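Step one of this worksheet: look at the structure below.
We did not get these values from a lab; they are worked out from the coordinates using the rules stated. The shown structure was predicted, so the numbers you read here are calculated from the model rather than taken from an experiment. Cβ placement follows ideal geometry from the backbone for every residue including glycine, while neighbour counts extend to all protein chains displayed.
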Amino acid sequence: MDETKYQCEICNKGYSSKSSFSNHKKIYHNTVIKENVYNCRYCEKNYTKRQSRWIHEKKCILIENAIENDIDKILEENEMVKEERNKLKDQVIKLQSKLLKTNRLDTKTFKAINRILMERSYNNSHNNTITNSNNVINNNIQQICNIGNEELINVLTEQEKRQILNAKYNALERIVEIAHCGEYNQFKNIIITNLKDNFAYKYDQTKKYFITIEKNELIDAVVLHRITDIEAIYDELKDANKIDKRTKRIIQEFLDNCNSVEAYTDKNGIKYPNFKSYKNNSIKILLYNNQDRITKDIALLITDNE
């Protein structure tokens, strides 16, 4: 048996085992035998044993594949984002183009709109009146009517009437929303621009523009006419047997409360002289919150007339 299988190239000392030879090199020559190195094919790690590298590579290739998949996914998502962004960009361009073509009246404030109406009313009365077979034609807004002349009972659909009564104690708010703040532009005859002062605006069919009026007086008139409409709707649907018993009872209670002079306290503990005063306040806030839509629709009416 060869006892000098491992021989030192520096001092020619021989050893039979690799470990003894390695210790000799460390102790006497301050060197280390260079082991076989097995580098990972997927990362920078290296191993002295082939088996260790193999175990590592099984994990490493999964990580690499996951990274590649993530990269592919990210690239794919980026392409989708770019495509979606381009679609949105096209939509924005179309909207911008549409806005540029839209009459600038759409963006004017209420006071500016009313100033236009006043100027047109003045000009029409002095210069632009055309008489044809005793019929006077001008280019003012003809659609908007005075408060109290709406004749809602003949205009509202049966579905809208049902919605109003089904609102129960909020029937008044619902009818004001539908009539004065909804799709019926001919009833956009009330504007409340401020809750602090005591002034509001109502449309005057004779003058063809909005006039200033005391706010509480205006709200009283609106509430009075709309309660009358609710009574008429109630009678119409009741006579046609289109109201259930519970709705009948609640609407009747609502109408009785509107005519009551007793003090009323709302659910927040705020006290009012009576139930109608409570509803007046609710309608005032409702109209104020819808002033932008009402103003915009009036601007559209002006544009349509042009």
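Miscellaneous remarks
- The translational diffusion coefficient of the stretch 236-306, from Stokes-Einstein at 25 °C and 0.890 mPa s with a Kirkwood hydrodynamic radius over alpha carbon pairs, comes to 160 µm²/s.
- Over the stretch 182-226: Kirkwood hydrodynamic radius from C-alpha pairwise inverse distances, Å: 11.2 Å
- Annotation note: GluC sites (Glu not before Pro) in the stretch 218-262 located in DSSP loop regions with a Cβ neighbour count of at most 13 within 10 Å are Glu262.
- Summary value for the stretch 219-306: 23 percent relative contact order, contacts being C-alpha pairs under 8 angstrom separated by 6+ residues.
- In a DSSP loop and with at most 10 other Cβ atoms within 10 Å, the trypsin sites (Lys or Arg not before Pro) in the stretch 224-298 are Lys267.
- Extension gain, Phe199 to Asp235, is 9.5 nm, computed as 0.36 nm per intervening residue step minus the present C-alpha separation.
- Segment Trp54..Lys82, full-extension length gain: 5.9 nm, with 0.36 nm per residue of separation and the alpha-carbon distance subtracted.
- FRET efficiency for Cys145 and Ile270, using Cβ-Cβ distance with R0 set to 51 Å, rounded to 0.05: 0.90
- Share of alpha-carbon pairs per 5 Å distance bin for the stretch 190-293, given as whole %: 2, 11, 17, 19, 17, 15, 11, 6, 2, 0
- For the set Lys208/Lys296; Lys111/Lys284; Lys242/Lys271; Lys111/Lys161, the pairs lying more than 27 angstrom apart at their alpha carbons are Lys242/Lys271; Lys111/Lys161.
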